[in-house]
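The values are calculated or read from the model by the stated rules, or taken from the named source; none is laboratory data. Note that the structure is a prediction, hence the values are computed from the model and not measured. When we count neighbours, we look across all protein chains shown, and the Cβ atoms used for this are built from the backbone with ideal geometry, even at glycine.
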Amino acid sequence: MRFRDRIFCGTKPDTGLAACDNAQYPCYHSLRFFTELRMQRIHAAALTFAIFTVLPLLLLVLIGLAHVAANTPNEADFDALPTRDAQTYFADMKGQPVTVQYDFLRDGPTQAGIGFPGYYL
């Protein structure tokens, strides 16, 4: 390694501590030392970002999907429930028995916040 590839720092030679801001003790470190140190800091920052940002968001998404799956009725009973409720509502409104047909605005449930999944007719 050539002399120009080294930089001066103030590390006490007999301790091996990298106190580079202390110019009282002469010591030379290579540029590779500082590049490796910088990469370690970048990796630590990326890991911290992943732990405190990405993982909580992923956890919230998984909780939301589990909530929808746990609160969705069985497919066998699914058509009977809205039909029964709509027939009861409109029969009470008209005062006579009615026949109800409906179409969903979406194919699946809509999840907003922490409430139960909604189905829009």
In region 62-83, the residues that are surrounded by 10 or more Cβ atoms within 10 Å (Cβ to Cβ) and aliphatic (A, V, I, L, M): Leu62, Ile63, Leu65, Ala66, Val68, Ala69, Ala80, Leu81
Scope region 95-114; condition more than 23 Å from the chain's Cα centre (by Cα) and in contact (Cβ under 8 Å) with a residue 24 or more places away in the chain; matching residues: none
Single condition Asp14 does not satisfy, out of (1) modelled with pLDDT of 80 or more; (2) surrounded by fewer than 10 Cβ atoms within 10 Å (Cβ to Cβ): (1)
2 or more residues of a type in the set (Gly, Ala, Ser): qualifying helices (runs of 4 or more DSSP H) within region 50-112: 55-70, 80-94
